[in-house]
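Okay, structure first, notes after.
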Amino acid sequence: MTPDLKWLLYSVALALAMELVGSALRVRIWTPKGLMLALGNRDDLPPASALAGRADRASRNMLVSLLLFAAVLLAAHAAGKTGERIDNAAALFFWSRLAYAPLYWLGITYLRTAAWAAGIVGIAMVALTLL
């Protein structure tokens, strides 16, 4: 497996972890009632705390970004474009998204936006190889 595809795989794992964190915070899985909610249909969810709301929004943002990243990365592979530049762009995407998650959870706005923008740069770097 090429390094850029490993970064894609790591990014998928990060997206899953972010989804699990958001879900766990929303239902308060560490409580007996929360555990039952997590195992059930979630028909009667409690209102989201500020932290749970941010974790949910960060998770949704990650899924959108991951879709874009995967699309351009797989298109680059289909076009036979591989190499250090794409590997570095994929690493930038992953590390920026890893930084983005706790920054969003903690409500650190400007640094969160910078981490988000770095991820977009990673996507753009891959996309530019296709032009």
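Here's a check for you: in the range 1-39, which residue that is part of a helix (DSSP H, G or I) and among the charged types (D, E, K, R) is nearest to Ala71 (Cα to Cα)?
Per the criteria, the residue is Asp4.
State the number of residues belonging to the range 77-109 that are surrounded by fewer than 22 Cβ atoms within 10 Å (Cβ to Cβ) and over 30 Å from Leu51 (Cβ atoms).
11
Any idea which residue in the range 40-76 is surrounded by the most Cβ atoms within 10 Å (Cβ to Cβ), counting only those that are among the hydrophobic types (A, V, I, L, M, F, W, C) and assigned to a loop (DSSP other than H, G, I, E, B)?
Ala48
State whether the residues of the range 31-39 include one that is farther than 18 Å from Ala89 by Cβ, in contact with a Ser or Thr (Cβ under 8 Å, 6 or more places away or on another chain) and either loosely packed, with under 14 Cβ neighbours inside 10 Å or modelled with pLDDT under 95 (or both).
Yes, that holds for at least one residue.
What are the residues in the range 80-131 that are within 14 Å of Leu5 (Cβ to Cβ), touching a residue at least 24 places away in the same chain (Cβ under 8 Å) and not in a helix (DSSP H, G or I), if any?
Lys81, Thr82
In the range 1-11, what residues are farther than 10 Å from Met62 by Cβ and either surrounded by 14 or more Cβ atoms within 10 Å (Cβ to Cβ) or of a type in the set (S, T, N, Q) (or both)?
Residues satisfying the conditions are Thr2, Pro3, Asp4, Leu5, Lys6, Trp7, Leu8, Tyr10.
The values are calculated or read from the model by the stated rules, or taken from the named source; none is laboratory data. Nothing here was measured: the structure is a model prediction, and the numbers come from that model. FYI the Cβ positions are ideal-geometry reconstructions off the backbone, even for glycines, and counts take in every protein chain you see.
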